[in-house]
Amino acid sequence: MIKRNHMMTSKSVRKALLGLATVSVLALPLLAHPAQASGGAATPHTQNWSFAGVFGRFDKAQLKRGLQVYREVCSACHGLKRVAFRTLAEPGGPEMSIEAVKALAKEYEVQDGPDDEGEMYTRTALLSDYFPSPYPNDNAARASNNGALPPDLSIITKARGYLRGFPNWFFDLFTGYQETGVDYLYALLTGYEEEAPEGFVLNDGMNFNHYFSGNQIAMPAPLSDEGVEYADGTKATVKQMAKDVSAFLMWTAEPTLEQRKRIGFQVILFILLFAGMMYFTTKRLWRGVKH
Ligand code: HEC
């Protein structure tokens with residue numbers, strides 16, 4: 001009788017624990033979402049990214065094209081202050097040759113100092129330098145952009161996102177969908193309308209965008225067909241450039257994505273093998289013992 005009681009309690013404890021675990025797993029996505037688009041903004045669509053999923057990898061040619069779009073278009077207003085030139089040559093990124101990156105860095109000037117006289121000076125950038133920002137400070141940036149601040153783009157794809165809604169968020173738990181930020185960026189860059197819909201009051205100097213919170217944004221549509229001439233001959237449509245620069249900004253935000261996914265997979269594999277071994281070991285140890 002006592003024994004039975006004991007078994008029942010451990011069973012109900014187990015049930016309670018299982019219930020708790022289920023509830024916390026289901027509640028996870030509520031905690032895990034960054035800033036949400038709101039204020040009448042449309043929900044971005046899920047795009048097909050080469051770096052999504054457990055085995056996701058960056059498309060190196062795409063990263064190179066995205067870098068070109070950033071350099072020729074976005075860098076006029078946006079900095080990339082957390083990205084060092086040297087990383088462009090490292091594994092898991094655009095993987096340019098070190099000579100090409102050196103040549104690229106040479107095109108930039110950075111501030112250094114103070115020198116022996118205590119003065120700051122500018123010099124040609126080296127591999128170890130970071131992309132210089134287009135404006136000396138935030139006030140200068142605002143003054144040139146109708147009062148709005150163009151944010152630094154180094155980690156923008158991690159700072160934005162949207163709720164994917166049921167049932168997607170549930171499956172995302174298993175597939176590890178982490179591309180809402182980059183989906184949003186693509187949507188933003190392709191979401192401009194030349195004229196605001198009738199009845200929509202657009203403030204002076206603002207532009208209509210379906211995906212920006214409040215539907216009006218100070219950034220003018222940055223991309224137009226053939227806006228860049230791709231070094232690899234790819235046709236530079238707005239969608240193509242938006243996709244490439246979004247992928248590139250995913251890499252700047254997470255330069256070790258490939259490494260993380262590879263190690264994650266190895267760890268899971270190890271845990272599964274280890275769990276299997278432990279199962280059979282336990283079974284063997286307890287064989288013949290009445291319990
Ligand atoms: C002429 C200047 C200019 C150019 C060129 C430009 N932007 Fe912007 N961008 C801005 C300004 C200004 C804002 C702030 C908008 C606001 O707050 O209304 C902004 C905001 C953004 C944001 C933040 C949106 C949000 O959700 O807050 C992203 C992302 C962005 N730009 C990406 C890009 C990319 C990628 C490019 C290149 C393809 C680019 N921008 C080119 C001026 C520019």
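Taken together, the values in this text are just the output of simple stated rules run on the coordinates, not laboratory data. Since this is a predicted model, take the numbers as computed values, not measurements. A quick note on method: Cβ atoms are made from the backbone with ideal geometry, for glycine too, and the neighbour counts reach across all protein chains shown.
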Given charges at beta-carbon only (K, R positive; D, E negative), |dipole| of the chain in Debye:
3320
Using a Förster distance of 30 Å, how high is the FRET efficiency between Glu194 and Glu229, based on the Cβ-Cβ distance and rounded to 0.05?
0.80
For a quick check, take a GNM of the chain with Cα springs below 10 Å and name the residue from Glu229, Glu198, Glu109 with the largest mean-square fluctuation.
Glu198
Pseudo-spin-label distance Ile98 to Leu20, built 7 Å along Cα→Cβ, given in nm, is 5.4
Taking 0.36 nm per residue of sequence separation and subtracting the Cα-Cα distance, how much length would be gained by fully extending the chain between Gln259 and Thr237, in nm to one decimal?
4.8 nm
Could you work out how far the C-alpha centroid of segment 89-168 sits from that of segment 264-283, in angstrom?
44
Filter the cross-link list Lys106/Lys243; Lys15/Lys158; Lys158/Lys239 down to pairs whose alpha-carbon distance in this structure exceeds 30 Å.
Lys15/Lys158
Give the separation of the Cα centroids, segment 180-221 to segment 40-78, in Å.
19
Gaussian network model of the chain, Cα within-10 Å springs - most flexible of Thr237, Thr256, Thr22:
Thr22
Running a GNM on the chain with Cα contacts under 10 Å, which residue among Leu88, Leu249, Leu272 ends up with the highest mean-square fluctuation?
Leu272
Residues of segment 46-67 with amide N under 15 Å of a point placed 7 Å along Cα→Cβ from Leu269:
54-56
